[in-house]
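A.B. asks: Once you've had a glance at the structure underneath, I'll fire off some questions.
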Amino acid sequence: MDSNEMKTIEEWAKEKNTADEILKGTMILEGWGCGKSVSESEYDGAVKLFTSGPADGRK
């Protein structure tokens, strides 16, 4: 898939079967609102950052 293709974060989440909790946490971490368009690589990177971080929010 072309990593420059832009889709909404909700479209990427559906396509990649991202759990709602992971999507919402990623949105909060990134400051993204509903309907934000991002590239696949931007989406994947943000989800990875959220899921690899500590549960208590420490950096």
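A.B. asks: Return the pairs, sorted by first residue and then second, in which the second residue is among the charged types (D, E, K, R) and at pLDDT 95 or above, the first residue lies in the stretch 1-26 and is open to solvent by less than 70 Å² (accessible area, probe 1.4 Å), the beta carbons are less than 6 Å apart, and the residues are 6+ apart or on different chains.
C.D. replies: Cβ pairs passing all conditions: S3/E40; I9/K36.
A.B. asks: Oh, and also: Does the stretch 19-29 contain any residue that is modelled with pLDDT of 95 or more and touching a strand residue (DSSP E or B) at 6+ places or on another chain (Cβ under 9 Å)?
C.D. replies: no
A.B. asks: Let me ask something else. Identify the residue in the stretch 41-59 that is in contact with a Ser or Thr (Cβ under 6 Å, 6 or more places away or on another chain) and open to solvent by 60 Å² or more (accessible area, probe 1.4 Å) and, among all such residues, is modelled with the lowest pLDDT. Show your work before the answer.
C.D. replies: The initial filter retains those residues of the stretch 41-59 that are in contact with a Ser or Thr (Cβ under 6 Å, 6 or more places away or on another chain), namely 41, 46-47, 50.
Then keep just the ones that are open to solvent by 60 Å² or more (accessible area, probe 1.4 Å); that gives 41, 50.
Numbers: S41: 96, F50: 93.
By that ranking, first place goes to F50.
A.B. asks: Here is a follow-up. Evaluate the following for V38: is it at pLDDT 95 or above and part of a strand (DSSP E or B)? Outline the logic, then answer.
C.D. replies: On the way: at pLDDT 95 or above: yes; part of a strand (DSSP E or B): yes.
Yes, satisfied.
The values are calculated or read from the model by the stated rules, or taken from the named source; none is laboratory data. Source: prediction; values computed, not measured. Virtual Cβ from ideal backbone geometry, glycine too; neighbours counted across all protein chains shown. Each accessible area value is taken on the protein alone, full model and side chains, heavy atoms only, with ligands, DNA and RNA left out. Shrake-Rupley method; radii C 1.70, N 1.55, O 1.52, S 1.80 Å.
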